[in-house]
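The values are calculated or read from the model by the stated rules, or taken from the named source; none is laboratory data. Quick caveat: nothing in here was measured; it's all calculated off a predicted structure. Positions of Cβ are generated from backbone atoms using ideal geometry, with glycine treated the same way; all protein chains shown enter the neighbour counts.
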Amino acid sequence: MEYITSSDFHFKNTAVALGKFEGIHRGHQLLMDEVKKQELYGLQSVVFTFDRPTRLTLTGDTKYKQIYTKEERKTILEKRGINILIEHPFTKEFAALTPERFIREVLVEKVGAKVIVVGTDFHFGKNRSGSILDLENLEEECGYHLIVVEKLQLDGKDISSTRIRASLEKGDMEEASALLGRNYSVSGEIIHGNALGRTIQVPTINQKVPSFKLLPPNGVYVSKIHWNDEVYYGITNIGTKPTVNDTSEKTVETNIFDFDKDVYGEKMVVELLHYHRKESRFSSVEALQTQLFKDIEFGKQFVAKIR
């Protein structure tokens, strides 16, 4: 997959899906299916999105948490077989483009769009003033075909990134997975922790996770781990480890069942399958160890039921 992160590009004969694609959820995947179909007609499949949350540029909001990092989004789209991913810089100058200029100067001249795929609620251009109507009005003149994809629903409600965020924020991993079309995951490099886990017979791997990554509530989760094309299961703790730490820094650490390999510096993907319990402060390390043994037993029983 070709990966574009600047405004300096020029393509011809493409089918492009447009959107912020924050969750790359099941509804978004319908748009991507449409551009993939166009490959049969000699067009390159393109996903056009932005290099940052739009609110960061528009309002300066630096506290906004993202469902996926850019690296995670790139990996997901690569696996879906998209030919080109464009993460256009969302600058104030770019945000000020009128809808017509965006269509003519960006989509037609630079992206080379012959097919444009959007959702029913798509808005674009200065102050989000552009809509499907603008795309329809220039369709014949600019020589592209517009495809509008209806919203997908689950349990009678629209699938949306907002709904996914709500599921994650309350720790409902099953609902989040159903909306995403995949298990929610945390990707990151394995870093050194305080090595306490090994001394209490519960060795863990610690992941480096960006501060802007949206994480579910602090607590213990049953997890599925991907490393070197191998799959493992385990329990993952998200939180501040109050029994052994005097810090507010949030960490993600996982005990992988039946695993004893040196993986420092490597990357792992940890899928969170089920929220088991909230994070607690224990009276002693021994009490923590006893609870972790119970968590591991619960995790193994949970995995046995779903495998």
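Check off (1) small (Gly, Ala, Ser); (2) at pLDDT 95 or above; (3) surrounded by fewer than 17 Cβ atoms within 10 Å (Cβ to Cβ) for Ser45 and give me the number that stays unchecked.
The one condition Ser45 does not meet is (3).
Rundown of residues vs (1) at pLDDT below 90; (2) among the β-branched types (Val, Ile, Thr), yes/no style:
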residue: Tyr233; (1), (2): no, no
residue: Thr243; (1), (2): yes, yes
residue: Thr247; (1), (2): yes, yes
residue: Lys250; (1), (2): yes, no
residue: Asn255; (1), (2): no, no
residue: Val263; (1), (2): no, yes
residue: Val285; (1), (2): yes, yes
residue: Lys294; (1), (2): no, no
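Quickly run through region 84-103 and pick out the residues that are of a type in the set (Phe, Trp, Tyr) and under 18 Å from Leu56 (Cα atoms).
Hits for region 84-103 are Phe90, Phe94.
Tell me the residue from Ser167, Ser161 that is polar (S, T, N, Q), out of contact with any helix residue (DSSP H, G or I) (no Cβ under 8 Å at 6 or more places or on another chain) and either in contact (Cβ under 8 Å) with a residue 12 or more places away in the chain or not assigned by TED's automatic domain parsing to the domain that holds Glu87 (or both), please.
Going through Ser167, Ser161 in turn, just one is polar (S, T, N, Q), out of contact with any helix residue (DSSP H, G or I) (no Cβ under 8 Å at 6 or more places or on another chain) and either in contact (Cβ under 8 Å) with a residue 12 or more places away in the chain or not assigned by TED's automatic domain parsing to the domain that holds Glu87 (or both): Ser161.
Out of Tyr233, Tyr221, I need the residue that is surrounded by 18 or more Cβ atoms within 10 Å (Cβ to Cβ), in contact with a Ser or Thr (Cβ under 6 Å, 6 or more places away or on another chain) and farther than 20 Å from Glu71 by Cα. Which one?
Only one candidate qualifies: Tyr221.
Of the residues Phe50, Phe21, only one is surrounded by 14 or more Cβ atoms within 10 Å (Cβ to Cβ) and within 17 Å of Arg165 (Cα to Cα); which?
Within the list Phe50, Phe21, the selection yields Phe21.
Among the residues of region 1-17, count how many are part of a loop (DSSP other than H, G, I, E, B), within 19 Å of the chain's Cα centre (by Cα) and of a type in the set (A, V, I, L, M, F, W, C).
1
With the requirement that a residue be part of a loop (DSSP other than H, G, I, E, B) and touching a Gly at 6+ places or on another chain (Cβ under 8 Å), what does region 233-287 give you?
Hits for region 233-287 are Lys250, Phe257, Phe259, Glu279.
Quick one: in region 51-78, which of the residues that are at pLDDT 95 or above, β-branched (Val, Ile, Thr) and assigned to a helix (DSSP H, G or I) is nearest to Gly188 (Cα to Cα)?
This residue is Thr75.
Can you tell me which of (1) farther than 24 Å from Gly265 by Cα; (2) surrounded by fewer than 17 Cβ atoms within 10 Å (Cβ to Cβ); (3) touching a residue at least 40 places away in the same chain (Cβ under 8 Å) is the one Ile200 doesn't meet?
(1)
Would you say Arg307 is modelled with pLDDT under 90 and not polar (S, T, N, Q)?
So Arg307 fits the description; yes.
A quick yes/no check of all residues on (1) touching a residue at least 40 places away in the same chain (Cβ under 8 Å); (2) of a type in the set (Asp, Glu); (3) in the same structural domain as His28 (by TED's automatic domain parsing):
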residue	(1), (2), (3)
Pro89	yes, no, yes
Ala113	yes, no, yes
Val117	yes, no, yes
Asn127	no, no, yes
Leu133	no, no, yes
Leu146	no, no, yes
Glu189	yes, yes, no
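Give Phe48, Phe21 a once-over and let me know the one that is assigned to a loop (DSSP other than H, G, I, E, B) and in contact with a strand residue (DSSP E or B) (Cβ under 6 Å, 6 or more places away or on another chain).
Phe21
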